[in-house]
Amino acid sequence: MVTKFLLTFAICRLIVTVGLAVYPTEILRFGDLEGHLSLDPSDVVSASRDFGGLRGTEPMAVLHPASARDVARLVRSSYESALGFSVSARGHGHSINGQAMTRNGVVIQMSGSRRPPRISEKLMYVDVWGGELWIDVLQSTLEHGLAPKSWTDYLYLSVGGTISNAGISGQAFNHGPQISNVHELEVVTGKGEVVTCSENQNWELYHAVLGGLGQFGIITRARIALERAPQKVRWIRVLYSNFSAFAEDQEFLISLHTQPATLKFDYVEGFVIVDEGLINNWRSSFFSPRNPVKISSLHADAGVLYCLEIAKNYHQSNAQVIDKEVEALLKKLNYIPATEFTTDLPYVDFLDRVHKAELKLRAKNLWDVPHPWLNLFVPKSRITDFDKGVFKGILGNKTSGPILIYPMNKNKWDEKNSAVTPNENVFYLVAFLRSALDNGDETQTLKFLENQNKQILRFCKDKGIEAKQYLPHYTTQQEWMHHFGDKWELFSERKMKFDPRNILANGQGIFKPSFDDLDIASL
């Protein structure tokens, strides 16, 4: 069956290469699949797009797997073939720069192949399919009064997708990223082998895959650590006009996790406001429209304000003490008086807050637009320089989306994993989550925002700020080598061990497939 598939796939590849409009239907008969391999034009087009909307690459076909066995059969057929083809796993399609796309290959559509999670209340974990969305994981675990410890701000992302990067949000300072909360993985390697791995079993593959950008294997199952889920959240926002006070308070709050008996917040994030309109919409959706906040009235330095977002989880049983605990913590902070905004809401509503904003943007046709996002890890020692040069410099007083900024503790990241961070005890995520709009404003066009991203990266390089891209995108292997730094040699060695033909995740642009320069005329 595999030989038959390879023959028909080679024919399909030839047809696409010479531009014929005919597709062989035999490719749909690949092996004994539980799922199905599709050449449907709508599937192909869907797999050629992502959330970034910056580029598109059509695959030859799309596999909708029903099991790890389906994934393994496809990858193994490429690995054992003289012809070969690339394979990329796609979750919810939320990549920015085509990382889940592939040329002359097959996209494996991991989401949509739902299977029931397996929850162990005794051992506090949940086993989930790699294509499962985090929102569905949450809803399943909440039925048992449990929830994963670490999150991303947006829950409509796949488990395999976030674990392949890191998975961060305002809990990462305490629990670490999502890759620090995975007990075990089932992975299909670039050789088509299904391997179970953990800290104690096939540990090298386990650490390679965590934060490995999909280079070493396709995650078909993940065992996620759970905790008792809180019922409610006290969500608070306060404003700062002084960056030093803002940063010092954030760093103070994330330091409290080292003192178990000390009161602490469960979530710490922040965002930068350079455009007066932004403070009264999207991320600031519960600020009263009848009493809009004005940057000018708060004496912001260089027209920039900083908003600290903090949250305290609680149960109905201890609701009577939450006021005192929050008040005691807030007294230690140096925000602008009378800028405190507070709301209480169910835990699931807090975690799913960005989806509510998504629905509002979709209603205005402002969701499916290009998203030239730039995410950086900036070392603590240079964050003030970054503020002066970027927030108060390059950005001017215009932006077309939120700018997140919050610190994390490096000791919550496992250095054995593939993800890279600055070499300091504390570093900041700075995320420019902008949307390109065709509204007549030149500063909101795709070209302008992409150029501004280049300016920001060039500023870091010129000033010697050793920032690391999160959800990285580079165009040369030299840039990738610089990104991984001391980890590059191990990263490339692991690639040769687990995906020696460079079959997987070619959309990342890190390694070139061994069959990419195949002479079609010789076939």
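Structure notes:
- Ranking Leu351, Gln452, Ser255 by Cα position along the charge dipole of segment 232-469, where only Lys, Arg, Asp and Glu carry charges on their C-beta atoms, puts Gln452 farthest toward the positive end.
- Contact order normalised by residue count of segment 332-435, Cα under 8 Å, 6+ apart, percent: 36 percent
- Cβ-derived FRET efficiency at R0 41 Å, Asn318 paired with Val45, nearest 0.05: 0.20
- Lys/Arg +1, Asp/Glu -1 at C-beta; the chain dipole; positive extreme among Pro148, Ala505, Val321: Val321
- Global form of segment 118-228, assessed from the alpha-carbon gyration tensor, a/c cut-off 1.5: prolate
- Calculated FRET value between Lys364 and Ile394, using beta carbons and R₀ = 25 Å, to 0.05: 0.35
- Members of Lys191/Lys463; Lys149/Lys487; Lys392/Lys416 lying beyond 31 Å, as alpha-carbon distances in this model show: Lys191/Lys463; Lys392/Lys416
- Helical mean residue ellipticity (222 nm; -39500 (n - 2.57) per DSSP H run of 4+; nearest 500) of the chain: -7500 deg cm²/dmol
- Taking the convex hull of Cα positions in the chain, its mean projected area over all directions (nm²): 24.9 nm²
- Residue pairs, from the table Lys122/Lys324; Lys398/Lys461; Lys264/Lys356; Lys232/Lys454; Lys264/Lys360, whose Cα atoms sit over 31 Å apart: Lys122/Lys324; Lys232/Lys454; Lys264/Lys360
- Three-way shape call for segment 181-258 based on the alpha-carbon gyration tensor, with the a/c threshold at 1.5: prolate
- Seen against the Cα atoms of the chain and their longest principal axis, helix 68-79 is set at about 60 degrees.
- Gained length - Arg55 relative to Lys332, 0.36 nm times residue gap less alpha-carbon distance: 95.0 nm
- Computed over the chain: relative contact order in percent, which uses C-alpha pairs under 8 Å that are six or more apart: 16 percent
- Between 0 and 90 degrees, the angle of helix 446-462 with respect to the longest Cα principal axis of the chain falls at about 80 degrees.
Values quoted throughout were computed directly from the atomic coordinates according to the rules given, and no laboratory measurement underlies them. Small disclaimer: the values here were computed from a predicted structure and weren't measured. In this analysis, Cβ positions are derived from the backbone assuming ideal geometry, glycine residues included, and neighbour counts consider all displayed protein chains.
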